[in-house]
Amino acid sequence: MAADLNLQRLTREFGEHTAVDHIDLIVPQGTFFALLGPSGCGKTTTLRMVAGLEEPTSGHIRLGDRDITDLPAYRRPVNTVFQNYALFPHLDVFDNVAFGLKRRKVADVKKKVSEMLELVELGKMADRKPGQLSGGQQQRVAVARALINEPAVLLLDEPLGALDLKLRRQMQIELKRIQIEVGTTFVHVTHDQEEAMSMADTVAVMNLGKIEQMGDPISVYEHPKTAFVANFLGQANLLKGDIVGEENDHLVVDVHGVKFSVPRSEAPVHDGRIVIGVRPEKITVVDPGVTTLPKNQVAATVIDSSFIGVSTQYLVESPWGQPMIAFEQNRDPTDVARPGDPVLLGWEPRHTFGLDPDEDLKAGLQESVPAL
Amino acid sequence: MTEEKRKDLSKLPPELRPFLSRRAFLAAAGVTSAAAVAAACGARTSTDVATPVDAEITTEAATGTVVWSNWTLYIDVDDAGAYPTLDKFVAAESIDVDYIEDYNDNNEFWAKMLPLLQSGQPTGRDIVSPTDWMAARWISNNYTEELDKANIPNEANLIDALRNPGFDPGRKFSLPWQSGYGGLGWNKAKLKEAIGTEDMTSVDQLFDPRLKGKIVLLTELRDTVGVVMAWQGADPTDFTTDQFMEAIDFLQTQVDNGQIQQFMGNDYAVGLENGDITAVIGWSGDLVQLGEDFGFALPETKGNLWTDNLLIPVGAANKAGAERVMNWYYDPAIAAELAAYVNYISPVKGAEVEAAAIDPALAENPLIFPTAADLEKTFIFMSLTPEQEDEYNAVWQKLLGN
Amino acid sequence: MVPYLLILPGLAWILFFFLVPLLSLVATSLQKRAGTSLSEGFVPALQFSNYTSALGEYFPQFIRAFLYAGIATALALVIAYPIAYYIAFKATKYKYLMLVLVIAPFFASFLLRTNAWKTILSADGFVVETLNALSLLPEDRILNTSVAVIFGLTYNFLPFMILPLYASLDRIDPRLVEAASDLYASPATGFWRVVWPLSMPGVLGGVVLTFIPASGDYINAQLLGSTNDKMIGNVIQAQFIVLRDYPIASALSAMFMFVLLIIIVAYIRRVGTRQLV
C-alpha cells in the first residue's frame, strides 16, 4: 500500500508567531526528502509535528490513508534521528538500539539488533556506553536506533550538524547508501543546501513557515522561483530591469540600457518591470573585444578576484555600479584578470531566469551557508 | 492596664503563644529559638521617668553592669519592647542591667553552666533564676554567693510563707522571684461538653474515662507527680520511694489505656485553645493568661506551689549590683507593677495594696494574691537527695517515653 | 610533595572536627560512675555494659527512629519527585521562584514551623475535621500520634529531598524523554526506563540527606508525638540534658551512628552501583 506522507494545511503557532504556516506537502513513499531552510524557518517544527512531539495548531498529517494527526508520538510508525542524537546515556549501544523493539515486544531482538549494528558498521561496539563513542559512531547509533523499528518514515533533524566537515561528507554518502538499501522514506531537515541537494530526491526550501519552492535538486537550483531560493540555494546575480520587447520566445529586458534575453517560459511576468537572474558559474569572463561570447553580455570592471583551486571567483562591478559575481572553471589559470581590469561577461539566455519584480533582491542572503 | 496586656497576648497567633509564658518552654528541648521569638534583648540604658524609691539606704557604691538570665516573658514589657520596671531601676541606681532571656529550661541551663562551675570559671551571669529544686542543687553544691542583706533592705517585705524553704532556711542565698501553682486547668466549653460541668475541683475528674485522650500532664516531675501523689494520699513534702513509684505506676496505666494524650511543657496552652486538650495539670499563670473561657483550680487534694528564685552564681562580677536589683524588685510598688503584667504570685508583702491602686480586680485575683486559705491547698515538693534525683528522674523520663 | 601538603588543611579539619569528637564520644561511652549519684561525675573505664544496657533499655526507640525515618523518607520521595520534576522540566519561567519557595520554609525556625503544625493538625482544625468526617482517623486525632510524627519528619526534611532530585532531573536532556516517546515508550514507560534511572544520583542523594537527619531528629517526636512515639534522639537528648548520664548517652549516640552508617553504606552499595552511570 502507498504510505505517502501527506501534510495538509499544517500550521503551528507559538503565541503571535506562526512557525509553520499552512503547509501542504506530499512525500512519496521511499523517497529521500530534504526540508531545507535557515534556522527559524519552521522546518524543525514541521518535523516535530510529524514525529508527534509538537501539536499542530491546525491541519492534518496523513500517512497513506491514515490520519495520524492526533496519535501520540509513541503510537506513530515514524522514528526520529535527533539533533545531537539524544542517545540514552545510561544504556549501552545494544540497549539503545533495542529500545524501540523492546517497547513493542518484538521477537528476536538480539538478532535484529546485531544485523542493524552490522548495517551501520558498529558490530563491535554493542556494549559501549554512548559517552565512550566518537561523534560519528554516536550518529550511526542514532540512525540504527531509529531505523531498526522499520518506520514508515524516518525523520532526521540536522543529523550531521554536530560532525566536522569531512565526517559530514562521509556520513552523507553513508546515509544515502542506507536509505537506498532499506528503501524507507527519509525526511531530512537541514540548513546546508549542499547536503540537501547531494542526498535528496526532492528538496523543499522553507522560509518564514512556508515552502517557497519544491522539486528535484536540479530544477530547484536551475530555476529558482523566488529571490530567496536563488540566494539561499547557491549564489545568484539578480538584476532589475524593464521588459522592452520579445523575440523568438524570449523577452528582451533592459537593465540600465543593457539588453538581456530571458526565455519567456522562465519569466513570471511578460511586460513591465522584471527581475532577471543568473548563477555565477554560468557566466564566462573574457577580455574586452573577444567576440565568441554567448548572447547576454555586459562590460564590467574587476573589483576582486580570488583563486580557490577548482575555480576563480570574480567580484566585478557592472556599468551601473551593481556588484556581480562570476566563477570561472580552472582550466587555464594563466589569464586571471586583476582588480581594475576591464572585462566582458557573457552567458546563455537559457541560463537566465526571471523573477517577480517585487522580489526583495537580498532575501535569503544573510541565512545562506557559503558554498564550500 | 492588666486587661489591656492580656488582650495583647490573646491577639498573638496561637502557635506563638507557648513561647509567651515563663515556664519551661519545650522542656528539655535544648533549643534557643524561643528567645529569638520573644525578640527582647540586651542592655537597658533608656532614661525613663525616674521614681526615686527608698533613698534612705546607701551602701558601698555598686556600679557596672548586672547580667541577668531569666525565663522568657517573665518581666513587664511595654509596646516598644522595653522593660519599664527595669528601666526605672537603671535610671534610679545608675547600674546597667543586661537582661537576657536565655533561661529556657532548668535542666538545659544547668547543663550549660555546670562545666563552667566545675572548673571554677566565671559563668558570665550575676543573677540566675532557677526553680526551687534546681536552686537547691546550686546551693547544695556551693555554686552561689551568700547574699549581703545590707544591700537588700527591702528583703523585709518577703512574705513569711517563703522565708524558710528546706533548701535555704533564712534565705541566705536566694530570694523568690515569682511563684505559681501546678494544678488543674481546663477548657470550660470542652469540659462541659464531655462531663457536663464547667468546674474542676478534683484530680478524679482528670481520669474520668469520658476525657480519654483529652488530658495532658506537665513534663515537670514535681508538678505532675506531686499532684498525683497528693491525690493518692501521700504527702509530697515527705514521701517514700514506694509512694513515688505508686504514682508513676498509676500514670503508666493511664498512658497505656490512652487516657493521657501527652506530657508537655507550657505549650499545652495551644492545645487547650485549639480544643485538642480538655484538661491538664498546668500552671496558674498560663491559665490566667488564656482568659475567661479557661479555668484553673487547686485540687482539693492540694496542688504544687513552686517558686523561681533569684540567686547569684559563685564568682559573679557584680554581686553588689545584683543585690541592688533584688532590692528593687522587693519594693511593693515595683512588685505590683510586675505582677500586673506576669500574672504569677508575687512574694512581696504590700504589693497587693499597690496593685489595688493599679486595678482593684488584680488585687482580688487569688491566683496573683492568694489568701492563707489558698495556700493551705498547696504543698512544696520535698527536697531530693542526688541519688533520689537520679532514680526518680530516670523512671520519670522512662514514663515520658525517653 | 606539594600536592600532599595541600591536603593538610583538610586532614586537620577532619581530625579536629570529626575524629577528636568521635574518640571523645567513644571514651565517654565507656566511663563509669564516680560515686552513688550521677552528679558526682564519671571516671574513665572500659565499661562495655553501658552498650548492652542502653540497647536493652531503649531498643524500641532505636527501631522506631529508623522505622519512622524510613517511612518519612519514602513519603518525602513520593511527594518531592513530582515537585522536582515539575520544576526541572515544566516550570521554565518560574523555575527559580519555585526553588526559592521550596527553600523558603527554612527561613522560619524549625521549631516554629513544627509548632505551627500543632495548630493546623488540631482537633478543631480543618484537616482533622475533614478526615474525621470521612471516618479516616482511628483515634479521632492526628496530634500526638505516630502519624503526626511521620508527617512532621516528612514535612521538615522535604527540601533535603527536593533539592538533590531537582539538581539531578535538571541535568537530564528533555530530548531524551522525546526520544523515548519517539521509540514507542508511553509516558509512563519513558519515565521508568529513562528519567528514573537517570535521576538515580538525585534519588540516592535525597534519600541519604533526608534519612540521616530524620532518624536522628527528636523535635518532631517531642512536639507532635505521644510518649509511645519517642525516637532515639529523644532518649539521647534526655540522657544528656535531663539525666546527665553521659556514658549511656554517648553509648546510644555511638551505636546510633554505627547503625546509621551500616544502613547508608548498604543502601548506597545496593542502589549506587546498579544504577549510576
According to a simple spin-label model (label point 7 Å from Cα along Cα-to-Cβ), what is the distance in nm between A:LYS362 and B:LYS149? 10.6 nm
About its Cα centre, what dipole magnitude does chain C give when the only charges are +1 on Lys and Arg Cβ and -1 on Asp and Glu Cβ, stated in debye to the nearest 20? 500 debye
Looking at the range C:166-208, which trypsin sites (Lys or Arg not before Pro) are in a loop (DSSP not H, G, I, E or B) and have at most 14 other Cβ atoms within 10 Å? C:ARG171
Excluding A:VAL310 itself, what net charge comes from residues whose Cβ is under 11 Å from its Cβ, given Lys and Arg +1 and Asp and Glu -1? -1
Total charge dipole magnitude, chain A, about the Cα centre, Cβ charges on Lys, Arg, Asp, Glu only, Debye to nearest 20: 1700 debye
Report the dimensions of the range A:204-292 along its three principal axes from the alpha-carbon atoms, largest first, rounded to Å. 45, 31, 22
Links that overshoot a 18 Å alpha carbon limit, given the list B:LYS319/B:LYS349; B:LYS188/B:LYS214; A:LYS225/A:LYS259: B:LYS319/B:LYS349; A:LYS225/A:LYS259
Phi-based couplings in Hz for the range C:257-266 (Karplus 6.51, -1.76, 1.60; Gly and Pro marked x): 4, 5, 4, 4, 4, 4, 4, 5, 5, 4
Given the rule -39500 (n - 2.57) for each run of at least 4 DSSP H residues, summed and divided by the residues of chain C, what is its mean residue ellipticity at 222 nm, to the nearest 500 deg cm²/dmol? -20000 deg cm²/dmol
Sequence-separation-based contact order of chain A, relative, with Cα cut under 8 Å and 6+ spacing, percent: 16 percent
What is the ratio of the Cα radius of gyration of chain A to 2.2 N^0.38 Å, where N is its residue count, to two decimals? 1.16
For the range A:60-112, which trypsin sites (Lys or Arg not before Pro) pass both filters: DSSP loop (anything but H, G, I, E, B) and at most 10 other C-beta atoms within 10 Å? A:LYS105
What are the ³J(HN,Hα) couplings of the range A:277-293, residue after residue, when phi is run through the Karplus curve with 6.51, -1.76, 1.60 and θ = phi - 60°? Round to Hz, x for glycine and proline. x, 8, 7, x, 6, 7, 8, 9, 10, 9, 6, x, x, 5, 10, 8, 9
Heavy-atom accessible surface of the protein assembly as shown: percent carbon and sulfur, 1.4 Å: 57 percent
Counting only heavy atoms of the protein chains, get the accessible area per residue of the range A:237-358 (1.4 Å probe) and round it to a whole Å² value. 50 Å²
May I ask you to derive the relative contact order of the range A:237-358, considering only C-alpha pairs under 8 Å and at least 6 residues apart, and to give it as an integer percent? 32 percent
Rounded to the nearest 100 Å², what is the sum over both chains of accessible area buried where C meets B, with a probe of 1.4 Å? 3300 Å²
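Rounded to the nearest 100 Å², what is the sum over both chains of accessible area buried where A meets C, with a probe of 1.4 Å?
Result for this pair: about 2000 Å² buried.
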Can I get the semi-axes of the range B:300-402's equivalent ellipsoid? Compute them from the C-alpha gyration tensor as square roots of 5 times the eigenvalues, in angstrom, largest first. 31, 23, 11
Need one number: nm distance between label points at A:SER58 and C:PHE48, each 7 Å from Cα along Cα→Cβ, rounded to one decimal. 8.5 nm
I need the calculated FRET efficiency for the pair B:PHE250 and C:VAL100, taking r as the beta carbon distance and R₀ as 60 Å, to the nearest 0.05. 0.70
Rg/Rg_ref, the range A:5-222, where Rg_ref = 2.2 N^0.38 Å and atoms are Cα: 0.99
Share of alpha-carbon pairs per 5 Å distance bin for the range A:94-210, given as whole %: 2, 10, 22, 22, 20, 12, 7, 3, 1, 0
Angstrom value of the Kirkwood radius, inverse mean 1/r, which spans all Cα pairs in the range B:144-225: 16.4 Å
Estimated FRET transfer efficiency when R0 is 30 angstrom, pair A:ASP65-C:ASP170 (beta carbons, to 0.05): 0.10
Of the residues B:GLY213, B:LEU117, A:THR11, the Cα lying farthest along the dipole of the protein assembly as shown towards its positive end, which is defined by charges on the beta carbon of Lys, Arg, Asp and Glu, belongs to A:THR11
Calculated from backbone phi, Karplus (6.51, -1.76, 1.60) coupling profile of the range C:98-108 in Hz, x at Gly/Pro: 5, 5, 4, 4, 5, 7, 3, x, 5, 6, 8
Tell me which GluC sites (Glu not before Pro) from the range B:108-158 have a DSSP coil assignment and no more than 14 other beta carbons within 10 Å of their own. B:GLU146
Taking Cα pairs under 8 Å and at least six residues apart, what relative contact order does the range C:51-276 come out at, in percent? 30 percent
222 nm [θ] for chain A, helices only, -39500 (n - 2.57) per DSSP H run of 4+, per residue, to 500? -6500 deg cm²/dmol
Cross-chain or 8 or more residues apart, Cα under 29 Å: how many lysine pairs in the range A:5-222 fit that? Count them up, please. 26
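The values are calculated or read from the model by the stated rules, or taken from the named source; none is laboratory data. Keep in mind it's a predicted model, so treat the numbers as computed, not measured. Note that each Cβ is placed from the backbone with ideal geometry, even for glycine, and that neighbours are counted across all protein chains shown. Accessible surface is based on the protein model in full, side chains and every heavy atom, while ligands, DNA and RNA are left aside. Shrake-Rupley method; radii C 1.70, N 1.55, O 1.52, S 1.80 Å.
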